[in-house]
Amino acid sequence: MFKQKETSREIIIMRGSGEGEESSDSKRSQLGKVRTKSIHPPIESQWLLHPREEIKPSSSLPKPGVKSMLNYPRKIRNSLKKLGRGKSLRIVLEGVHDPKYEQLVDSLREQLFVEGHLMERQTDYHSLLRFLRVRDFDLSKAKDTFVQYLGWREEYGVDEILKEFKFEEYAEVKKCYPHGYHGVDRNGRPIYIERIGMVDLNALLQATTVDRFVRYHVSEQEKTLNIRFPACSIAAKRHIASITSILDVKGVGMSNFSKTARSLFMEIQKIDSNYYPEILNRLFIVNAGNGFRMLWKALGAFLDERTLAKIHVLGNNYQSNLLEVIDQSNLPSFLGGDCACSDYGGCLFSDEGPWKNPEILEMLQSTSITEEIYDSEADSDVPSEEAMETGQNEDGGDGGNTEAQKIHALEVALMDTNEEIQALKAALDNTKAVLERLEQHIKALRV
């Protein structure tokens, strides 16, 4: 009934307060300047989303090693077999790249390679495409922005945050700053919700510090990229790379925008804009009253035109707008939905979504997509090798069956190793071709 087509037309500017909508021209005149940027379609539209049966496996995708194959529960190995020994699963996670954009990504990667910025994890297709989009596919600007991003990751210690940072005050912070992920929209994107009108800033700063909260925010962004998006992709059977967000601003006015609140907002906005671009698909601001109208004029000055184009500012009759893109079962009751998540102390405490599904998490772990983050968050939940063997003995009946399973796993791993060798040969050929092009480019510069 509410199914919408995913086209560039769904990105519209709706930035009024109350029940009316302000036009784009009037808003720009109020801000005093026009920030011109191309308005791109949803990021998922820049992957070729073939029907599942048309997806062909690619031998160049990475596969788990022998040891990890032996340690996976049999049900996960069986799940991967159903998906073509994991290849189709990885195609869903990776997406089938659009050749036009893949050529641009390859060009950006070559420039980074020439300058010595070769980090496999950060220079994947998806990361580079996001930075290309935010710079309107200007290779030089995208490269500079991406290099700044790599420098920030090292200086801020993002990898160390993922391994070592523990946000013990999580429960207390949730009470005075209600926020969290809850379910997915009709296209499978994760939904992020904040109840800004219920934020108690004094209590928040007693529970934590601005620095620790920002570090927590960075860890959540990394979790979204590395766990939530892949999990939603598996559940939706299509590549997911952006979120739908809802801000409930009931009761919010200029008095809420104190110096401390403004500083926190600007710091998070700077990090999200510079280092996690193109993650937002659209944002609904609901319960916007007269007080918020004045505040919105101040907030809009910090946002670029592309971000503003994704924002829908609505009054208190917003339910029909939300239901166009979100099923009622995935909407919390305080937003007019059916969900209360009573087992978790409320919807914003539950972090409910495909990323909490144990089978999906195990499938992600088996593909090594989220190995580092998953291990750091759930060390106590990962069964030991001995426990794996015990569980297999109980399931299979005797040790002989376990040995047979290990032998079979070894055979499968050896076959995969042979495919990896072939993929490595192909990668070497590609590298050779890149170097030849660089050589030709250097010779041309000398002429």
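The values are calculated or read from the model by the stated rules, or taken from the named source; none is laboratory data. Please read all numbers here as calculations on a predicted model, not as lab measurements. Note: ideal-geometry Cβ built from the backbone for every residue, glycine included; neighbour counts use all protein chains shown. To get the accessible areas, we keep the full protein, side chains included, count just its heavy atoms, and leave off ligands, DNA and RNA. Shrake-Rupley method; radii C 1.70, N 1.55, O 1.52, S 1.80 Å.
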By average C-beta atoms within 10 angstrom, highest first, the peptides 430-440, 204-214, 324-334, 124-134 | 124-134, 324-334, 204-214, 430-440
Ignoring ligands, DNA and RNA, what percent of the accessible area of the range 266-316 is carbon or sulfur (1.4 Å)?
-> 54 percent
Any idea how far apart ASP200 and LYS175 come out in nm if each label point goes 7 Å out from Cα toward Cβ?
-> 0.7 nm
Given a Förster distance of 22 angstrom, what is the FRET efficiency for GLU359 paired with LYS237, based on the Cβ-Cβ distance and rounded to 0.05?
-> 0.95
Over the Cα atoms of the range 141-235, how large are the radius of gyration and the largest Cα-Cα distance (Dmax), in Å?
-> 15.5, 41
The percentage of the accessible area of the range 121-237 (probe 1.4 Å, all protein chains present) made up of carbon and sulfur atoms, to the nearest whole number, is 47 percent
Which pairs in the list LYS143/LYS163; LYS141/LYS223; LYS270/LYS297; LYS100/LYS163; LYS141/LYS166; LYS250/LYS270 are over 30 Å apart, alpha-carbon to alpha-carbon?
-> LYS100/LYS163; LYS141/LYS166
For the range 173-320, the Kirkwood Rh over every pair of distinct alpha carbons, in Å, works out to 16.2 Å
When ligands, DNA and RNA are left out and all protein chains stay put, how many square angstrom of accessible area per residue does the range 97-222 have with a 1.4 Å probe?
-> 46 Å²
Any chance you could run the full-extension gain for ASP159 through THR209? It's 0.36 nm times the residue separation minus the Cα-Cα distance, nm to one decimal.
-> 15.9 nm
If you bin the C-alpha pair distances of the range 223-299 every 5 Å from 0, what whole percents do you get?
-> 3, 13, 17, 21, 18, 13, 9, 6, 1
So, by mean Cβ neighbours within 10 angstrom, what's the order for 303-310, 159-166 with the highest one leading?
-> 303-310, 159-166
Please name which of ALA207, PRO190, THR224 has its Cα lying farthest along the dipole of the range 155-230 towards the positive end, using unit charges on Cβ (Lys, Arg +1; Asp, Glu -1) and the Cα centre as origin.
-> PRO190
For the range 255-304, how big is Rg over Rh, using alpha carbon atoms and the Kirkwood form of Rh?
-> 0.98
Estimated vicinal HN-Hα couplings, Hz - the range 159-170 in sequence order (Karplus 6.51, -1.76, 1.60; Gly, Pro = x) = 5, 5, 4, 5, 8, 10, 6, 10, 9, 4, 7, 3
Contact order normalised by residue count of the range 132-262, Cα under 8 Å, 6+ apart, percent = 26 percent
Find the centroid of the Cα atoms in the range 197-237 and in the range 127-147, then give the distance between the two in whole Å.
-> 25 Å
Round to the nearest 0.05 the FRET efficiency obtained for GLN328 and LYS425 when R0 = 60 Å and r is the Cβ-Cβ distance.
-> 0.70
